[in-house]
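Trainee: Next up is a structure, given as structure tokens.
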Amino acid sequence: MSAASRSVSILGVTGSIGRSTIDVIEQVRAQGVDVPVEAITAGRNVPALVDACRRLRPRFAAVADAAQLSEARAALSGQNVEVGAGASALEEAGARPADWVMSAIVGAAGLAPTMAAVRRGALIAIANKECLICAGPLMLKAAAESGAKLLPVDSEHNAIFQVLSHPGRVERLTLTASGGPFRTWTREAMAAARPDQAVAHPNWSMGAKISVDSATLMNKGLELIEASYLFETPEERIDVLIHPQSIVHSLVHYADGSVLAQLSAPDMRTPIAHALAWPDRVAVSTNRLDLAAIASLTFEQPDLDRFPALGLARAALKAGPARVAALSAANEIAVEAFLTGRIRFLDICRIVQEAMAALEGTEAGLIAKTPSSFAEVAAVDQAARAAARRIAGSLAAA
Ligand code: NAD
Ligand code: MG
């Protein structure tokens, strides 16, 4: 960890990444390093926010749901913490002066608070891929203007970031993917897959949305877009390779034939600790890699017929930032419909595909141009959600 300790904020402290971030901070504090916590946020889980306050001792805590303000205030009354609720409180959490901000809200809901941190030039540990995906070019421009630095936390992007010694000499990037719980399932079996089966990821324990995305491989599609934005690499120079053991987290192919990869056990505390200490490193206890015990690492091509999400993401990325934002928004709606039992598993990608096709007809002007403001991003996001809701509704009724 760098000599001067960093003050931190955690957006989405009650989620899977948020909890792993608390664990890393507690480990660093146990080594005698002061890690002051400025702000933390939760969606609606007040008891989990109270627990995070007790462990982190932040100055400010916010819940997303404005209706929960008095409940949160009462629950936190003894804790010497300012309490806020609603969208403005989430933005305040990003805006308050922490050196390092973990962006770990799920979905485009994380965009405004993350942007508040980007605009003031903070170090941004970026786990929330959807916010980067929906507004990538605008976010990167704002970061360049403010001096904010995006530190990738998604394990694949963190891996690439760690081995990207010569960005001008990169030939290709390879993102690895576990293949998810349905890697070996037939299409017929996938058609009947239940939400509990889709969220049971073989290697990682994650939030419900990203777990379903891993089962459809939309997560890898979103990560392809994320990598293209973060590492300024066009779609055709990024490959996806299935690697069921989730040990090699991604690879960078250089112009001299060298291929550099980062390996570690599948444990998000490793990339979180890397981002927290960057450009230094810090000692943290994580699941350690034992290659002899694993014995073999295997790789295979993804099956694009059973997993059409990869093709949809590639097409959107080639077509431009508005289509990319629309794809991610439509996917959020489709995943929610699946998790609440309204549609079937294969309907997720069908809804995304049909929503994209519908927008080409009704919103051709909107999705053809690169959004030049966050209001334009919001318009694309809303149009895509509306289209996806309509299609999900008709599939649910069928
Ligand atoms: P999660 O569902 O476990 O947690 C999400 C967090 O966001 C929670 O704190 C929740 O309260 C909060 N939240 C949800 N909806 C909100 C809203 N509308 N407004 C404000 N806050 C809201 O998700 P997670 O697995 O921790 O993932 C978080 C992000 O990190 C996602 O974008 C995911 O793709 C990314 N990510 C996660 C992992 C992982 O291992 N879990 C790995 C790589 C990337
Ligand atoms: Mg990932």
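The values are calculated or read from the model by the stated rules, or taken from the named source; none is laboratory data. Quick caveat, the model's predicted, so the values are computed rather than measured. Note that we place each Cβ from the backbone using ideal geometry, even for glycine, and neighbour counts take in every protein chain shown. Side chains included, ligands, DNA and RNA excluded: accessible areas come from the protein's heavy atoms. Shrake-Rupley method; radii C 1.70, N 1.55, O 1.52, S 1.80 Å.
Trainee: Whether any residue in region 180-191 is small (Gly, Ala, Ser), away from ligand 2 (no atom under 14 Å from the Cβ), assigned to a loop (DSSP other than H, G, I, E, B) and touching a Pro at 6+ places or on another chain (Cβ under 9 Å) is what I want to check.
Mentor: Looking for residues that are small (Gly, Ala, Ser), away from ligand 2 (no atom under 14 Å from the Cβ), assigned to a loop (DSSP other than H, G, I, E, B) and touching a Pro at 6+ places or on another chain (Cβ under 9 Å), one finds none in region 180-191, hence no.
Trainee: Taking the conditions exactly as written (without any contact (Cβ under 8 Å) to a residue 24 or more places away in the chain, of a type outside the set (Ser, Thr, Tyr) and at negative phi), does Leu56 satisfy them or not?
Mentor: No: the conditions fail for Leu56.
Trainee: For region 1-76, which fully contained helices (runs of 4 or more DSSP H) count at least 2 residues that are within 24 Å of the chain's Cα centre (by Cα)?
Mentor: Where helices (runs of 4 or more DSSP H) fall fully within region 1-76 and carry at least 2 residues being within 24 Å of the chain's Cα centre (by Cα), they are 16-30, 46-56.
Trainee: Can I ask one more? Within 18 Å of Ala227 (Cβ to Cβ), open to solvent by 50 Å² or more (accessible area, probe 1.4 Å) and without any contact (Cβ under 8 Å) to a residue 40 or more places away in the chain: is that true of Gly168 in this structure?
Mentor: yes
Trainee: Okay, next question. For the condition surrounded by fewer than 24 Cβ atoms within 10 Å (Cβ to Cβ), of a type in the set (A, V, I, L, M), under 13 Å from Phe374 (Cβ atoms) and more than 10 Å from ligand 1 (Cβ to nearest atom), what is the one hit in Leu76, Leu138, Leu150?
Mentor: Going through Leu76, Leu138, Leu150 in turn, the sole match is Leu138.
Trainee: If I ask for residues that are of a type outside the set (Phe, Trp, Tyr) and more than 14 Å from ligand 2 (Cβ to nearest atom), which ones from region 217-237 would you list?
Mentor: Ser228, Glu232, Thr233, Pro234, Glu235, Glu236, Arg237 - these are the residues of region 217-237 that are of a type outside the set (Phe, Trp, Tyr) and more than 14 Å from ligand 2 (Cβ to nearest atom).
Trainee: Mind telling me which of the residues Ala273, Ala208 ends up being under 18 Å from the mean Cα position of the chain (by Cα), within 13 Å of ligand 1 (Cβ to nearest atom) and either touching a residue at least 60 places away in the same chain (Cβ under 8 Å) or surrounded by fewer than 20 Cβ atoms within 10 Å (Cβ to Cβ) (or both)?
Mentor: Ala208
Trainee: Sticking with this one: Of everything in region 281-335, what is of a type in the set (A, V, I, L, M, F, W, C), under 27 Å from Pro234 (Cβ atoms) and open to solvent by 20 Å² or more (accessible area, probe 1.4 Å)? Give them in sequence order.
Mentor: Result: Phe299, Leu304, Leu312, Ala315, Leu317, Ala319.
Trainee: Shifting gears a bit: Could you check region 292-335 and list, in sequence order, the residues that are free of Cβ contacts under 8 Å to residues at least 24 places away in the same chain and more than 30 Å from Met190 (Cα to Cα)?
Mentor: Correct list: Ala292, Ala293.
Trainee: If I go through region 101-135 residue by residue, how many of them are within 16 Å of Leu276 (Cα to Cα), open to solvent by 10 Å² or more (accessible area, probe 1.4 Å) and within 16 Å of ligand 2 (Cβ to nearest atom)?
Mentor: The total comes to 2.
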